[in-house]
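Working notes for the structure below.
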Amino acid sequence: MTQELTVENLFGVFDESAALLSRLLSIPYLEALGETAENLFHGDVIQEELNEMDEKRLQKLYSSAQLDRYSKEAIRKAFQLAILKGMKEHVQPNHQMTPDSIGLFIAYLLRKSMGKNPSFTLLDPTIGTGNLVATVLNEFDGKVEAYGVDVDDVLLKLAYAGANLLHHPITLYNQDALEPLLIDPVDVVVCDLPVGYYPNDARASSYKLKADSGHSYAHHLFIEQSLHHTKPGGQLFFIIPNGLFETPEAKKLQAFLTEEAYIEGVIQLPETLFKNKNAAKSILMIRKKAPGVKKPKEVLLAAMPSLTDKRATASIVQKIDRWFADYQKG
Ligand code: SAM
């Protein structure tokens, strides 16, 4: 019997296979999910240590999935649900996956900024599970060449396996992204900033935004590194803690940004997306300075209401649309 093509059913396949592989191979669920995605991509069971009976069981499960009949968004959502389940086991707060509502909103801002049919290069220096990038790439299908970096090999494996399943062209690097990167400057950076101190003081010392004493803020260094890897006139979207500009180190960050870029917008995300008010975040939208790039007359400041509040959302979207229309008129 073939099953209905729903996200829930596809999630069921990811979940059952990951739980089974986790038990059989004695590895955490998230790692087993990476193996699962690899199997689905190859249309085969690639773990050689399994016995014939387990291999057959998995093969039957995968053929019932009918993966090729699902849309890319359905595959991304089912994979995302399974990652969320795995992250409940144990994941550091700073390694959380970016919710797709944020990726969709950034894609909307990008579309406003770049027009209907853009083709561009994109970098996420902390790509994690790849969900943020996958959400954006699904919105600009086939037109984006992407690069991603992450220090966490389990999450990067998920990004890699997910990109294969979605046929997204992404080049991935498993390294500390604050070390030198072999990536040419890109048109667009997206980055859900890991917030906290960067332990490598020697490396931090090569950044303008290093702390005067003690450890530097990793999130400040990531902003500098990202600008360094952006083409003149390129655009950057950071998911930032709401208090980014309120710390003692913020003066230096502000001066650096004024020197190198134009702040285009700060948009507060709905508090309902986060565990509590203190964990709430915003999107910082900036553009690297370049000859011919204009400073916006005013910075777009907005607070997104809960997305279930349709009227309030429509009014903010109108405000954002007006801001882009004014900016583009010059
Ligand atoms: N956007 C990602 C997603 O959708 O899964 C989530 C990003 S998560 C908020 C932050 C990521 O930063 C984590 O995956 C973590 O491993 C990574 N990270 C932290 N410090 C890093 C470093 N120095 N170099 C590269 N990645 C780093």
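The values are calculated or read from the model by the stated rules, or taken from the named source; none is laboratory data. Quick caveat: nothing in here was measured; it's all calculated off a predicted structure. Using ideal geometry, Cβ is built from the backbone for each residue, glycine included, and neighbour counts are taken over all protein chains shown. Accessible surface is based on the protein model in full, side chains and every heavy atom, while ligands, DNA and RNA are left aside. Shrake-Rupley method; radii C 1.70, N 1.55, O 1.52, S 1.80 Å.
A few remarks follow.
- Search result, residues across the range 251-266 that are surrounded by 19 or more Cβ atoms within 10 Å (Cβ to Cβ) and either in contact (Cβ under 8 Å) with a residue 40 or more places away in the chain or β-branched (Val, Ile, Thr) (or both): 253, 264, 265, 266
- For residue 77, the stated conditions hold: it is among the basic types (Lys, Arg), within 22 Å of residue 154 (Cα to Cα), modelled with pLDDT of 95 or more and open to solvent by 30 Å² or more (accessible area, probe 1.4 Å).
- Restricting attention to the range 180-227, the residues that are open to solvent by 10 Å² or more (accessible area, probe 1.4 Å) and in contact with a Cys (Cβ under 8 Å, 6 or more places away or on another chain) add up to 1.
- Test: residue 176 is under 20 Å from residue 32 (Cβ atoms), surrounded by fewer than 18 Cβ atoms within 10 Å (Cβ to Cβ) and within 12 Å of the ligand (Cβ to nearest atom): no
- When the helices (runs of 4 or more DSSP H) confined to the range 60-153 are screened for residues that are away from the ligand (no atom under 16 Å from the Cβ) and over 29 Å from residue 275 (Cα atoms), those reaching at least 1 such residues are found at 100-114.
- The set of residues in the range 297-330 being open to solvent by less than 100 Å² (accessible area, probe 1.4 Å) and in a strand (DSSP E or B) consists of 300, 302, 303.
- Scope the range 228-250; condition open to solvent by less than 20 Å² (accessible area, probe 1.4 Å) and either in a helix (DSSP H, G or I) or of a type in the set (A, V, I, L, M, F, W, C) (or both); matching residues: 236, 237, 238, 239, 240, 244, 250
- The condition of being away from the ligand (no atom under 11 Å from the Cβ) and modelled with pLDDT under 95 holds for only one of 243, 234, that being 243.
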